[in-house]
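Comments concern the structure below.
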Amino acid sequence: MVKAVIFTDFDGTVTLEDSNDYLTDTLGFGKEKRLKVFEGVLDDTKSFRQGFMEMLESIHTPFPECIKILEKKIRLDPGFKDTFEWAQENDVPVIVVSSGMKPIIKVLLTRLVGQESIHKIDIVSNEVEIDAHDQWKIIYKDESPFGHDKSRSIDAYKKKFESTLKAGEERPVYFYCGDGVSDLSAAKECDLLFAKRGKDLVTYCKKQNVPFHEFDTFEDILASMKQVLAGEKTVAELMEN
């Protein structure tokens, strides 16, 4: 029986820097314009889908080169590996639910957990279409204003986990870890939202009155999850806001 499920964003949550922001700032139209574009997303005058597309369309570097650059430059939270290993030992599924692109996520995540373990993590995200000249474009997962409505993906998993419950069994505790605006819809599907300190998701949660628990690294997340599953703390006790 599954006692808990960890859903997590990838960029800026598992990674210490956002890979898409890095590509835009260094190879695309730059940080200043990116921040300007996302002002519109934060104040609801522009969809995440539209803002993200503008960012990516400003990058003309071939896709394989982008991957090589990201492999060298993007650091990952070492605490995620410990969290993943603990999850494996305790039969807790780990599912990456991302507004990013699957080929990038898979390459970077493999560096952290190893080739032998990457298949144990489900990755639900957007795809990439690459032409004969290695030019590329994002293929959004769905038609939503997010490009990938994470709440839909999470809801599908919840139905799957809960369909196997026997009489008297409790459903799993659903955790979500994130840092950005695209995580808000996902957060509402889960029991406890871990929101990264100092990032847009915390600001947005306060604005929308969504309860959350602030974290700095996955070490914080792991400690909190252990407390909940051991019955030392309730989800409600960990929530802020």
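The values are calculated or read from the model by the stated rules, or taken from the named source; none is laboratory data. These numbers were taken from a predicted model, which means no experiment stands behind them. Note: ideal-geometry Cβ built from the backbone for every residue, glycine included; neighbour counts use all protein chains shown.
If you go through the stretch 72-81 and keep only what is within 26 Å of Trp136 (Cβ to Cβ) and under 18 Å from the mean Cα position of the chain (by Cα), you end up with Ile74, Arg75, Leu76. The requirement of being hydrophobic (A, V, I, L, M, F, W, C), touching a Cys at 6+ places or on another chain (Cβ under 8 Å) and closer than 23 Å to Phe146 by Cβ is fulfilled nowhere in the stretch 70-90; no residue meets it. Note on the stretch 3-53: among residues that are assigned to a loop (DSSP other than H, G, I, E, B) and among the charged types (D, E, K, R), the one that is nearest to the chain's Cα centre (by Cα) is Asp9. Kindly provide the set of residues from the stretch 208-222 that are exposed (fewer than 15 other Cβ atoms within 10 Å of the Cβ) and within 13 Å of Ala187 (Cβ to Cβ), ordered by number. Across the stretch 208-222, the qualifying residues are Gln208, Asn209. When each of Glu169, Glu162, Glu189 is tested for being in a helix (DSSP H, G or I) and either among the charged types (D, E, K, R) or surrounded by fewer than 21 Cβ atoms within 10 Å (Cβ to Cβ) (or both), the lone residue that passes is Glu162.
Scanning the stretch 104-130 for residues that are free of Cβ contacts under 8 Å to residues at least 24 places away in the same chain and in contact with a strand residue (DSSP E or B) (Cβ under 7 Å, 6 or more places away or on another chain) gives Lys106, Glu129. Only one of the numbered conditions (1) outside any loop (DSSP other than H, G, I, E, B); (2) under 30 Å from Asp43 (Cα atoms); (3) modelled with pLDDT of 95 or more; (4) not small (Gly, Ala, Ser) is not met by Asp142, and that is (1).
Could we say that Phe194 is under 14 Å from the mean Cα position of the chain (by Cα) and either outside any helix (DSSP H, G or I) or surrounded by fewer than 20 Cβ atoms within 10 Å (Cβ to Cβ) (or both) here? So Phe194 fits the description; yes.
Of the listed requirements (1) out of contact with any helix residue (DSSP H, G or I) (no Cβ under 7 Å at 6 or more places or on another chain); (2) of a type in the set (D, E, K, R); (3) free of Cβ contacts under 8 Å to residues at least 12 places away in the same chain; (4) farther than 24 Å from Ile105 by Cβ, Lys206 misses just one: (3).
Considering the stretch 45-92, and only residues there that are touching a Phe, Trp or Tyr at 6+ places or on another chain (Cβ under 7 Å) and of a type in the set (Gly, Ala, Ser), the residue that is nearest to Phe10 (Cα to Cα) turns out to be Gly79. Give the residue that is modelled with the lowest pLDDT, with candidates limited to residues of the stretch 213-241 that are hydroxyl-bearing (Ser, Thr, Tyr) and not in a helix (DSSP H, G or I). If we take residues in the stretch 213-241 being hydroxyl-bearing (Ser, Thr, Tyr) and not in a helix (DSSP H, G or I), then Thr234 is modelled with the lowest pLDDT.
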